[in-house]
Amino acid sequence: MPSFRTIFAVAATAFAALSSAAPIADGTNQVAQLVGVSNVANDVAHNVNVNGVDVTVVDLGKRMPQDITDIVNGIFGGEHKREEQLQGGLDGVVGSVTDIVDGILGSLDGEYKREEQLQSLPAILVSVQAKLQTVSGELTALVNGKVNVDVEILKPVIAEVHDIVAGAVVSVKLLVGSPVDFILTLDGKVLAAVDVCHILVSVLVLVHSILSLVLQVVASVSIKVVAPLIAAIGSLLVELLVCIFVDLKAGIFVAIGPLLTPTLYNALVAINLDIVVAVLKKGTN
């Protein structure tokens, strides 16, 4: 039995010749002559000899074009399916790789966005300073030389100071683990630790000024009402200082020592922020 390769070769040759073949006088086909058909009857050719090889080809007459088409479609159709399967597999691999890459890039993008949202320590302190200055101005205008101011008027002021310091604590904690150069940067420049300490001390002075004024104008009967509110701010200041001095590891703890004076200590103690003084004094030991 001839091999599939032999039959396909004959069929392909016949198909190529058929496209330009014209019927001859005796009813045979030019294709038959080209492939060496020795016996053609009822459009069926047998005993085809090609280059000394005997093969059997059925229906090389009217049905041959369809037969060849079926063969070619069968071969290339199968090949096409295999290519589709291969392409589908490749698409799956590419899709998986794309998903992985997208995931990595998404993570990197998320990290980049997180860094974009971070503020440096001096930027945080400068923002806190500006907010406290606003509160101080509002409080001064509010009391305007008055005494025995209703505690309900002063509570929102104390609450605002509390929220400002609490927000600073959150922002500073986000900095933990960041490079020191980033922590100390302000407006594109890396500040010396002592310069950052100057800003920090000004923040402490502003907090003292606001709370001291509150204690001066509040009615004496209401001191016990504001005292725990001030103590809560003191606790937040301690948390802020510990995070700045210890957690950030940016050299602030050592640098602030020379800037702390007895006047500042006494001022903080006067408004019952002894605990803040205790933390600050650690920097001078």
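The values are calculated or read from the model by the stated rules, or taken from the named source; none is laboratory data. None of these values were measured; they are calculated from a predicted model. Methodologically, a virtual Cβ is constructed for each residue, glycine included, from the backbone with ideal geometry; neighbour enumeration extends over all protein chains shown. These accessible areas exclude ligands, DNA and RNA; they are computed on the full protein's heavy atoms, side chains included. Shrake-Rupley method; radii C 1.70, N 1.55, O 1.52, S 1.80 Å.
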Checklist (1) touching a strand residue (DSSP E or B) at 6+ places or on another chain (Cβ under 7 Å); (2) in contact (Cβ under 8 Å) with a residue 12 or more places away in the chain; (3) open to solvent by 30 Å² or more (accessible area, probe 1.4 Å) applied to Val217, failing item
(3)
Which pairs have Cβ atoms under 9 Å, sit 6 or more apart or on different chains, and link a residue in region 124-153 that is farther than 20 Å from Ile230 by Cα to one that is not in a helix (DSSP H, G or I) and not charged (D, E, K, R)?
Ile124/Leu175; Val126/Leu186; Ser127/Gln119
Picking from Leu175, Leu211, which residue would you name as being out of contact with any Asp or Glu (no Cβ under 8 Å at 6 or more places or on another chain) and within 18 Å of Val276 (Cα to Cα)?
Leu211
State which residue pairs qualify: first residue of a type in the set (S, T, N, Q) and inside region 225-237, second residue open to solvent by less than 50 Å² (accessible area, probe 1.4 Å) and at pLDDT below 95 in any location, beta carbons under 6 Å apart, and separation of 6 or more residues or different chains.
none
Out of region 168-207, which residues are surrounded by 15 or more Cβ atoms within 10 Å (Cβ to Cβ), farther than 17 Å from Ser127 by Cα and of a type outside the set (Val, Ile, Thr)?
Ser178, Ala193
Taking Phe245 as meeting all but one of (1) touching a residue at least 60 places away in the same chain (Cβ under 8 Å); (2) in a helix (DSSP H, G or I), write down the number of the exception.
(1)
Would you call Val176 in a helix (DSSP H, G or I) and modelled with pLDDT of 95 or more?
no
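Name the residues in region 251-285 that are assigned to a loop (DSSP other than H, G, I, E, B) and either basic (Lys, Arg) or open to solvent by less than 10 Å² (accessible area, probe 1.4 Å) (or both), would you?
Our first condition is that a residue be assigned to a loop (DSSP other than H, G, I, E, B); within region 251-285, this holds for 251, 256, 260-261, 271-273, 285.
Passing the criteria: Ile256, Ile271, Leu273.
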If Val147 satisfies every condition in (1) outside any helix (DSSP H, G or I); (2) exposed (fewer than 15 other Cβ atoms within 10 Å of the Cβ); (3) in contact with a Leu (Cβ under 9 Å, 6 or more places away or on another chain) but one, which is the exception?
(3)
If I filter region 219-227 for residues that are more than 30 Å from Asn144 (Cβ to Cβ) and part of a helix (DSSP H, G or I), do I get at least one hit?
no
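With the requirement that a residue be of a type outside the set (Gly, Ala, Ser), without any contact (Cβ under 8 Å) to a residue 60 or more places away in the chain and under 29 Å from Ala267 (Cα atoms), what does region 157-204 give you? Spell out the reasoning first.
Going residue by residue through region 157-204, those that are of a type outside the set (Gly, Ala, Ser) are 157-158, 160-165, 169-170, 172-176, 179-187, 189-191, 194-201, 203-204.
Checking the rest, the ones that are also without any contact (Cβ under 8 Å) to a residue 60 or more places away in the chain come to 157, 160, 163-164, 170, 174, 179, 181, 187, 189-190.
Residues satisfying the conditions are Val157, Glu160, Asp163, Ile164, Val170.
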Can you tell me which condition Ala231 does not meet? The list is (1) at pLDDT 95 or above; (2) open to solvent by less than 40 Å² (accessible area, probe 1.4 Å); (3) over 38 Å from the mean Cα position of the chain (by Cα), and all the others hold.
(2)
Looking at region 151-161, can you tell me whether even one residue there is touching a Leu at 6+ places or on another chain (Cβ under 9 Å), surrounded by 14 or more Cβ atoms within 10 Å (Cβ to Cβ) and closer than 23 Å to Ala278 by Cα?
yes
